[in-house]
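Working notes, structure below.
The values are calculated or read from the model by the stated rules, or taken from the named source; none is laboratory data. A quick note: this is a predicted structure, and the numbers were derived from the prediction, not measured. Cβ atoms come from the backbone with ideal geometry, glycine included; neighbour counts cover every protein chain shown. Ligands, DNA and RNA are excluded from the accessible area calculation, which covers all protein heavy atoms including side chains. Shrake-Rupley method; radii C 1.70, N 1.55, O 1.52, S 1.80 Å.
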Amino acid sequence: MIDQAVANGLYLELLVVAMTLLGILFFNNLVLYKQKVFDLISLMLISGIAMCALEFAWTVFDGRSDLIILSYILACAYAVALIIFAVLFNLYLLDRFGMKLKKIVLIIFYVLPVAATVVLCATTPWTRLMFWVDENGNVQTMAFFESVFHIIVYLYFFSPLLLALYFLTIGKKRKPANGEIPLSVFVFGAIAPLLYWLQLLFLDRGAAIYETSSIPVSVALVYLVTNVSTHNLLKTRAKVEATEADLRVGTEIQTGSLPTNFPDRPEFEIYASMDPAKEVGGDFYDFFMVDEDHLALVIADVSGKGVPAALFMMSSKIYINDHATMGGTPAEILERVNKLVCKNNDASMFVTVWLGILEISTGRLTSASAGHEYPIINTSGRYEILKDVHGLAIGAMDMARYKNTEIQLKKGDSIFVYTDGVAEATDANNELFGTDRTLDALNDIPEGASQKEVLVNVRTAVDAFVKEAPQFDDLTMLGLKYYGPRENTQTEET
Amino acid sequence: MGLFGKKKNNTASNSVNNAFLKIKTSKDGAEYTFMLEGRLDTNTSPELKSKVDEVVDDAKKLVFDLEKLDYISSAGLRVLLGSAQAMEDKGEMVVRNITQPVRDIFDLTGFNLLFNIE
């Protein structure tokens with residue numbers, strides 16, 4: 001035989017465990033799964049916790065003849081919590097099965113029974129339908145509670161289980177969208193009675209020992225809610241993973257659209273790089289031959305970041321490439337591109353562009369700027385800013401006009417163009433890298449360095465400056481060094 | 001949940017260089033003035049955009065006072081451009097009291113040609 005005091009103590013402890021489990025679950029739902037307090041599942045868990053707590057309190061004060069009124073209150077509150085819990089459980093599962101109830105059904109089968117319970121409990125000291133606390137303070141459950149109330153509660157619990165069984169067997173084709181949930185509900189339906197039965201088997205040897213449905217129901221509920229939440233979480237994660245995969249492909253497409261085959265020609269040397277701050281960025285560089293004697297250089301920065309900027313970048317890049325190949329000066333090309341971009345620009349995005357066209361045979365570089373950073377040129381042995389004429393960024397206003405700037409490159413001269421990610425790289429104290437530091441970094445590079453080394457050195461200087469501060473903006477650079485016309489072209493000309 | 005969320009946001013903004021933007025909105029009839037202080041960049045511009053979007057429908061005039069604005073990035077310019085475009089047919093948009101760093105960026109990007117600067 002089990003000692004009755006030990007069994008009672010154990011029973012109370014189990015109630016606390018059940019309560020804690022539900023409490024943790026409730027907390028997890030709020031914090032991890034970001035559910036609201038007035039969500040069905042949260043309300044159900046709250047009523048479950050209340051049910052366990054009230055059963056606990058009722059048990060503690062049971063048999064105290066001086067606390068008869070408190071016993072009444074606790075027992076009745078427990079009954080109300082129990083039926084609310086059962087109703088919410090039922091509604092929660094119907095909701096998970098994707099079933100919507102009509103308002104009238106909701107009132108008759110859900111609200112009314114709860115209201116009736118409240119009335120019955122409030123009147124029970126006189127009617128003795130639910131409970132009766134005898135003169136020793138012992139709470140007695142009465143006939144109506146045992147035979148009607150309990151059965152109604154069980155109906156709430158078991159009807160979704162039957163529904164789950166239906167979805168698992170003959171109703172397979174009508175299985176709700178949440179495919180795994182019927183199985184979870186069914187397992188829940190198996191766990192709860194099993195635990196209850198074990199409890200009866202091991203604890204209920206003497207009639208005086210308490211038995212409870214709160215514990216098995218709570219434990220089984222932990223299984224159910226965790227299962228359903230995890231299932232939802234996995235589904236969300238699958239979506240997030242798909243999005244991430246899309247973004248990766250997007251980055252690949254974007255990076256793939258930038259030329260990385262740096263031509264190996266005797267007349268010039270070119271190198272460019274782009275490091276996006278996010279997976280997909282809005283910066284780009286481009287270079288291509290317009291015709292046999294003309295090389296186009298492009299560097300551009302789209303306002304904003306992420307997918308919208310990347311899409312805008314792709315279309316701008318293609319427009320510029322198309323229109324440069326059609327011919328005209330950089331200013332004319334930018335004007336045409338701007339008109340096109342403005343036509344379909346509902347998102348009020350814009351892109352700053354520097355477009356240069358180098359005549360390889362003469363070294364004449366014609367460029368136009370649509371609100372882009374000043375180019376840095378080296379025509380005298382030192383890098384310095386070229387204050388070219390600035391037009392409005394592309395996409396801002398369709399009437400924008402642009403002006404050409406012309407410079408003459410001699411043998412050994414070079415040009416460095418970049419995006420604001422370089423000059424506006426920011427350290428932890430919000431200080432900008434700035435144009436002066438950019439110039440210093442360029443002038444520190446030993447003469448004869450390759451264009452790739454030039455770009456790597458600038459990048460290193462930026463990294464050393466910002467240190468641990470996160471990269472804010474895309475970092476894009478393009479460097480070109482002119483070696484003069486090909487010998488045989490010169491002889492042909494003369 | 002509320003506590004948790006707030007805490008997270010704070011650490012996030014700390015990690016991006018104490019980036020901050022204070023927006024003071026005032027209304028005079030159908031004229032709305034936004035006093036901006038701090039940095040208008042990728043991280044802070046969505047806040048300004050949502051504040052502008054709230055009022056743009058019944059505004060006749062939008063004023064951006066940039067006296068205390070230290071820095072504006074292309075994302076910030078985009079919000080200003082969007083406001084200018086929204087006001088194009090039904091009123092005006094004015095940028096007021098710009099500081100030298102902001103003026104430099106306006107000159108660089110050519111927006112000095114587009115905006116009504118007072």
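Mind counting the residues in segment A:310-331 that are more than 19 Å from residue A:259 (Cα to Cα) and either without any contact (Cβ under 8 Å) to a residue 60 or more places away in the chain or among the aliphatic types (A, V, I, L, M) (or both)?
4
Identify, please: which residue in segment A:422-431 is at the interface with chain B (Cβ under 8 Å from one of its Cβ atoms) and closer than 30 Å to residue A:345 by Cβ and is, among those, surrounded by the fewest Cβ atoms within 10 Å (Cβ to Cβ)?
Step by step, filter segment A:422-431, then rank; the result is A:424.
Can you name the residue in segment B:62-79 that is part of a strand (DSSP E or B) and within 11 Å of chain A (Cβ to nearest Cβ) and is also surrounded by the most Cβ atoms within 10 Å (Cβ to Cβ) among such residues?
Step by step, filter segment B:62-79, then rank; the result is B:72.
So, in segment A:365-377, of the ones that are open to solvent by 10 Å² or more (accessible area, probe 1.4 Å) and assigned to a strand (DSSP E or B), which residue ends up nearest to the other protein chains (Cβ to nearest Cβ)?
A:377
Would you say residue A:349 is open to solvent by 30 Å² or more (accessible area, probe 1.4 Å), hydrophobic (A, V, I, L, M, F, W, C) and assigned by TED's automatic domain parsing to the domain that holds residue A:445?
Here the answer is no, as residue A:349 does not meet what is asked.
Between a first residue in segment A:476-491 that is open to solvent by less than 40 Å² (accessible area, probe 1.4 Å) and a second residue that is modelled with pLDDT under 70, which pairs have beta carbons less than 9 Å apart while being 6 or more apart in sequence or on different chains?
Note: pairs meeting the criteria are A:484/A:490; A:485/A:493.
Does segment A:378-412 hold any residues that are within 14 Å of another protein chain (Cβ to nearest Cβ) and in contact with a Pro (Cβ under 7 Å, 6 or more places away or on another chain), and which are they?
Once the filter is applied, which keeps residues that are within 14 Å of another protein chain (Cβ to nearest Cβ) and in contact with a Pro (Cβ under 7 Å, 6 or more places away or on another chain), segment A:378-412 yields A:386, A:388.
Looking at segment A:272-281 only, could you name the residues that are at pLDDT 80 or above and more than 17 Å from residue A:365 (Cβ to Cβ)?
Scanning segment A:272-281 gives A:273, A:274, A:275.
Which condition does residue B:51 not pass, out of (1) of a type in the set (Lys, Arg); (2) farther than 17 Å from residue A:348 by Cβ; (3) assigned to a helix (DSSP H, G or I), if it passes all the others?
(2)
Taking segment B:107-118 as the search range and keeping residues that are over 19 Å from residue A:424 (Cα atoms) and either of a type outside the set (Val, Ile, Thr) or outside any strand (DSSP E or B) (or both), which one is farthest from the other protein chains (Cβ to nearest Cβ)?
Within segment B:107-118, the match that is farthest from the other protein chains (Cβ to nearest Cβ) is B:118.
What residue, of B:42, B:25, is β-branched (Val, Ile, Thr), more than 10 Å from chain A (Cβ to nearest Cβ) and in contact with a helix residue (DSSP H, G or I) (Cβ under 9 Å, 6 or more places away or on another chain)?
After applying the criteria, what remains is B:25.
Let's see how each residue does on (1) open to solvent by less than 60 Å² (accessible area, probe 1.4 Å); (2) under 30 Å from residue B:76 (Cβ atoms):
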position: A:379; (1), (2): yes, no
position: A:387; (1), (2): no, yes
position: A:401; (1), (2): no, yes
position: A:406; (1), (2): no, no
position: A:415; (1), (2): yes, yes
position: A:420; (1), (2): yes, yes
position: A:442; (1), (2): yes, yes
position: A:448; (1), (2): no, no
position: A:459; (1), (2): yes, yes
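Under 7 Å between Cβ atoms, which residue pairs at least 6 apart in sequence (or on different chains) link something in segment A:36-47 that is within 17 Å of residue A:226 (Cβ to Cβ) with a partner that is assigned to a loop (DSSP other than H, G, I, E, B)?
A:41/A:35; A:42/A:35; A:42/A:36
Please verify whether segment A:81-90 includes one or more residues that are without any contact (Cβ under 8 Å) to a residue 60 or more places away in the chain and touching an Asp or Glu at 6+ places or on another chain (Cβ under 9 Å).
yes
Mind checking which residues of segment A:286-318 are over 14 Å from residue A:345 (Cα atoms), assigned to a strand (DSSP E or B) and within 12 Å of chain B (Cβ to nearest Cβ)?
A:300, A:301
Find the residue count for segment A:430-479, including only residues that are in a strand (DSSP E or B) and modelled with pLDDT of 90 or more.
4
Going by the structure shown, is residue A:98 assigned to a loop (DSSP other than H, G, I, E, B) and closer than 27 Å to residue A:227 by Cα?
Yes: the conditions hold for residue A:98.
Residues checked against (1) part of a loop (DSSP other than H, G, I, E, B); (2) in the same structural domain as residue A:231 (by TED's automatic domain parsing); (3) open to solvent by less than 50 Å² (accessible area, probe 1.4 Å); (4) modelled with pLDDT of 85 or more:
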| position | (1), (2), (3), (4) |
| --- | --- |
| A:36 | yes, yes, no, no |
| A:51 | no, yes, yes, yes |
| A:66 | no, yes, no, no |
| A:74 | no, yes, yes, yes |
| A:114 | no, yes, yes, yes |
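Go through (1) assigned to a strand (DSSP E or B); (2) not assigned by TED's automatic domain parsing to the domain that holds residue A:326 one by one and return the number of the condition residue A:239 breaks.
(1)
Would you confirm whether any residue within segment A:316-331 is closer than 24 Å to residue B:42 by Cβ and either polar (S, T, N, Q) or at pLDDT below 90 (or both)?
Scanning segment A:316-331 turns up at least one residue that is closer than 24 Å to residue B:42 by Cβ and either polar (S, T, N, Q) or at pLDDT below 90 (or both).
For segment B:89-104, what are the residues that are open to solvent by 70 Å² or more (accessible area, probe 1.4 Å) and assigned to a loop (DSSP other than H, G, I, E, B)?
Within segment B:89-104, B:89, B:90 qualify.
Return the pairs, sorted by first residue and then second, in which the second residue is of a type outside the set (Lys, Arg) and open to solvent by 30 Å² or more (accessible area, probe 1.4 Å), the first residue lies in segment B:80-106 and is at the interface with chain A (Cβ under 10 Å from one of its Cβ atoms) and under 16 Å from residue B:34 (Cβ atoms), the beta carbons are less than 7 Å apart, and the residues are 6+ apart or on different chains.
Pairs found: B:84/B:114.
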